[in-house]
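Q: So that we are looking at the same thing, I have put the structure below in structure tokens.
The values are calculated or read from the model by the stated rules, or taken from the named source; none is laboratory data. Quick caveat: nothing in here was measured; it's all calculated off a predicted structure. We place every Cβ from the backbone using ideal geometry, glycine too, and count neighbours over all the protein chains shown.
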Amino acid sequence: MPLVGTACTPSEPEGVQVLENELALVARRAWRRLQAADVDAAVDAGMLAAAIKAVDGVRRPAFGEAAHAAAADVAAAAAVIQRQGLPPGAAAPVDWNGFGLVIPVLAGSPGAGASVFTALMADALQLAHRNVLLIDPADPPRSGLAIAARSDGPWLTKPHPQVHIRFSWRAHALVARLESALPVIAPGMVPPPRFWLPQGPRPEITVVDLGHDPWRVAAHPLLGAGAWLRRGTPAPLPVLVVRPSRPSLLHAEQVLARLERWVVTGAVSPPVQLVVMGAKRWPAGVAGAAGRRVCALLESAVFVPHDPELAASGVTGAVTPLRLRQAITPLLSRWGLLPQAARGWQGMKGRP
């Protein structure tokens, strides 16, 4: 029963504790094996619903009922989706062949530019006539690719009635984005990779934007969006994106330190490439701040120069600037992703 007989509100310490405990119990009823991160997310959803009702002047026990309903919805969605995927502790390598080469893009620090780099890579590859799938598993309000397609496509995959994957076109690249009407996206609500595979021709390259929450992904990469880092065949090529600053390198070192435990167990693939957004070279004294894990990636770092217009607008349906695509062309050529004729290609200056 939601807060029956208590004089507390969700904004008071006693009320917070009571309601959080109730919501955790509600969440666990959805599935006894529900992951702790999903339980926490369900509690967050319930607390948010209670706060909204309390602000609207709704009295007890109505705000408790709203909180219970929100927590139950999030937990149920996470439970259903997790039961359709591999067990979170599975150690077997993943067969990535249906996705072609998988390139997960991690942010080393907040606002590093992972979404921009993801769009740059997708544009450079699709304009060289490669079949590209661009995946965005972020919470919709936190997505850096929310308007990467000019319009939403009509194709939906529905792992759960309240969790959808929408497929849209960014010129010739296919964009797959997470959609949900629920107030909180639990890690377990992110559909397993198999749900992201589109119908029709299989992609040659799949680029995944993991920049929205690298800290949580690095702590538990076997649950939710982190599944794209799992080792498999062909081996994924994770990219770590940073800013040309000492704080960004310090943050990135901590992300790699978290991820290292999973790499050692053989569960996930480590980042193989460092990309520095917003600079042509390291500013004086910045590279020296790199820890030992980031240092291992410094020598091959790729620099993407600053673009004021893109920095102001973010990723839109317009093609990314040519000079930025040219900055990553040597990397794509080195990985064998661009044909020989495309290495000197000048690209299109307009929109894709």
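Q: Go through region 223-266 and report how many residues are surrounded by 20 or more Cβ atoms within 10 Å (Cβ to Cβ) and closer than 17 Å to P192 by Cα.
A: So the answer is 9.
Q: Still on this structure: Return yes or no: is V275 of a type in the set (A, V, I, L, M, F, W, C) and within 22 Å of the chain's Cα centre (by Cα)?
A: Yes; evaluated as a whole, the condition is true for this residue.
Q: Give me a count of the residues in region 255-270 that are in contact (Cβ under 8 Å) with a residue 24 or more places away in the chain and either part of a helix (DSSP H, G or I) or farther than 13 Å from P221 by Cα (or both).
A: Residues that pass the stated criteria total 7.
Q: Looking at K280 and the list (1) in a helix (DSSP H, G or I); (2) out of contact with any helix residue (DSSP H, G or I) (no Cβ under 8 Å at 6 or more places or on another chain); (3) in contact (Cβ under 8 Å) with a residue 12 or more places away in the chain, which single condition is not satisfied?
A: (1)
Q: Something else: Filter region 137-184 down to the residues that are hydrophobic (A, V, I, L, M, F, W, C), over 15 Å from A77 (Cα atoms) and exposed (fewer than 15 other Cβ atoms within 10 Å of the Cβ) and list them by number.
A: L156
Q: Just to verify a result, which residue in region 305-333, among those that are polar (S, T, N, Q) and in a helix (DSSP H, G or I), is surrounded by the fewest Cβ atoms within 10 Å (Cβ to Cβ)?
A: Filtering first and then ranking leaves S313.
Q: Mind counting the residues in region 283-313 that are over 25 Å from the mean Cα position of the chain (by Cα) and either farther than 22 Å from R334 by Cα or not assigned by TED's automatic domain parsing to the domain that holds R258 (or both)? Break it down into steps so the answer makes sense when it comes.
A: From region 283-313, those over 25 Å from the mean Cα position of the chain (by Cα) are 283-289, 292, 299; that's our starting set.
Then keep just the ones that are either farther than 22 Å from R334 by Cα or not assigned by TED's automatic domain parsing to the domain that holds R258 (or both); that gives 283-289, 292.
Qualifying residue count, region 283-313: 8.
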